[in-house]
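Read through the structure below, which is laid out as structure tokens, and then see the notes.
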Amino acid sequence: MSKLRVNAFSVSVDGFGAGTDQSLNQPLGRGGEQLHQWFIPTHTFQREVQRRDGGTTGIDNDFAARSFENLGAWIMGRNMFGPVRGPWPDYEWKGWWGANPPYHVPVFVLTHHPRPPLEMEGGTVFHFVTEGIEAALDQARAAAQSKDVRIGGGAATIRQYLQAGLLDEMHLAMSPILLGNGEPLFEGIDLPALGYSVKEQVSTGAAMHLVVVRR
Ligand SMILES: NC(=O)c1ccc[n+]([C@@H]2O[C@H](COP(=O)([O-])OP(=O)(O)OC[C@H]3O[C@@H](n4cnc5c(N)ncnc54)[C@H](OP(=O)(O)O)[C@@H]3O)[C@@H](O)[C@H]2O)c1
């Protein structure tokens, strides 16, 4: 059965999915680039995102590889899509990922600011959804057919799907860093009360991998 999943979401020990002051020069906010230190060296990141050979194998790569399996659509927040805030001044911004983003399926971007669909190379089409999380999920499930839908982030988007009880499974990579401030993943969320528990846990030198599932 099709699942709604979060995978490879990096979080600091103090629970932030990005630092403060996101910008063109600091996509993950202040100090946030350290969050992905477990992910960037992996063979999967190098192949899927950088289009390079090489990279590490092992536990971090196994989780990275799982994150790309059986996906039929993605959902992300507008802040993950890019640094533009407020009404779109134009449609020049096309995401962080270049002409051929590493999605290759429809991607539904939550925003309050309408914009026409954006077709990229390699099968990625960004659709901008202004009707909220349930509309985005309906559209993503229809596009994904029997495959899973992945929520890429950021924290503000994941929190809404958690609170609505819609998320089936969440792989978090807890990076051994403290950010102090930024986008909190768990603020205002009582995961046990929502029916979630930790199903899997394994640590490497770079991260503690946790798989949290809804009963
Ligand atoms: N740690 C990780 O693994 C990871 C993964 C992905 C991204 N990130 C980082 O996380 C940061 C972004 O996360 P974030 O928590 O700041 O924001 P986000 O979840 O990416 O986006 C939030 C924005 O999306 C729009 N939005 C969200 N829900 C909506 C709704 N229900 N209806 C309409 N619009 C809605 C709103 O934008 P508007 O009102 O402006 O339209 C809102 O301000 C970036 O720095 C990114 O690089 C980290």
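Each row is one residue, and each column tells you yes or no for (1) in contact with a helix residue (DSSP H, G or I) (Cβ under 9 Å, 6 or more places away or on another chain); (2) closer than 28 Å to I59 by Cβ.
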residue	(1), (2)
V109	yes, no
P117	no, no
L137	yes, no
A142	no, no
V149	yes, yes
Q160	yes, no
A164	yes, no
L167	yes, yes
G182	yes, yes
Original post:
Which residues, counting only those in the stretch 108-135, are closer than 20 Å to L24 by Cβ and either away from the ligand (no atom under 11 Å from the Cβ) or not hydrophobic (A, V, I, L, M, F, W, C) (or both)?
Top reply: T111, H113, R115, L118, M120, F126
Original post:
Only one residue in T20, T44 is near the ligand (Cβ under 10 Å from one of its atoms), among the β-branched types (V, I, T) and either buried (at least 18 other Cβ atoms within 10 Å of the Cβ) or in a loop (DSSP other than H, G, I, E, B) (or both), so which one is that?
Top reply: T20
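Quick one: which of E169, E187 is more than 18 Å from D14 (Cα to Cα) and not aliphatic (A, V, I, L, M)?
After ruling out the rest, the residue left standing is E169.
In the stretch 136-172, how many are open to solvent by 30 Å² or more (accessible area, probe 1.4 Å) and within 14 Å of the chain's Cα centre (by Cα)?
Number satisfying all stated conditions: 4.
Residues being part of a loop (DSSP other than H, G, I, E, B) and either without any contact (Cβ under 8 Å) to a residue 40 or more places away in the chain or acidic (D, E) (or both): count how many of those fall in the stretch 185-215.
From the stretch 185-215, those part of a loop (DSSP other than H, G, I, E, B) are 185-195, 204-207, 215; that's our starting set.
Then drop every residue that is not either without any contact (Cβ under 8 Å) to a residue 40 or more places away in the chain or acidic (D, E) (or both), which leaves 187-195, 205, 215.
Number of matching residues: 11.
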**OP:** Considering each of R150, R115 in turn, give the residue that is basic (K, R) and in a strand (DSSP E or B).
**Re:** R150
Original post:
Any residue in the stretch 4-16 that is open to solvent by 10 Å² or more (accessible area, probe 1.4 Å), touching a Pro at 6+ places or on another chain (Cβ under 8 Å), part of a loop (DSSP other than H, G, I, E, B) and closer than 22 Å to V107 by Cβ?
Top reply: no
Subject >> Number of the exception - D168 against (1) within 23 Å of E48 (Cα to Cα); (2) touching a strand residue (DSSP E or B) at 6+ places or on another chain (Cβ under 8 Å); (3) more than 15 Å from the ligand (Cβ to nearest atom) >> reply: (1)
**OP:** Return yes or no: is A99 exposed (fewer than 13 other Cβ atoms within 10 Å of the Cβ), without any contact (Cβ under 8 Å) to a residue 24 or more places away in the chain and out of contact with any Phe, Trp or Tyr (no Cβ under 6 Å at 6 or more places or on another chain)?
**Re:** yes
Subject >> Residue that is farthest from V105 (Cα to Cα), among those in the stretch 18-50 that are of a type in the set (D, E, K, R) and in contact (Cβ under 8 Å) with a residue 12 or more places away in the chain >> reply: R30
Subject >> Hey, G182 among the small types (G, A, S), part of a loop (DSSP other than H, G, I, E, B), within 11 Å of the ligand (Cβ to nearest atom) and open to solvent by less than 50 Å² (accessible area, probe 1.4 Å) or not >> reply: yes
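Table: residues versus (1) within 30 Å of E200 (Cα to Cα); (2) not in a loop (DSSP other than H, G, I, E, B).
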| residue | (1), (2) |
| --- | --- |
| D90 | no, no |
| Y103 | yes, no |
| E131 | no, no |
| L137 | yes, yes |
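The values are calculated or read from the model by the stated rules, or taken from the named source; none is laboratory data. These numbers come from a predicted model, not from an experiment. Here Cβ is always computed from backbone atoms with ideal geometry, including for glycine, and neighbour counts include all displayed protein chains. The area values use the complete protein model at the heavy-atom level, side chains included, leaving out ligands, DNA and RNA. Shrake-Rupley method; radii C 1.70, N 1.55, O 1.52, S 1.80 Å.
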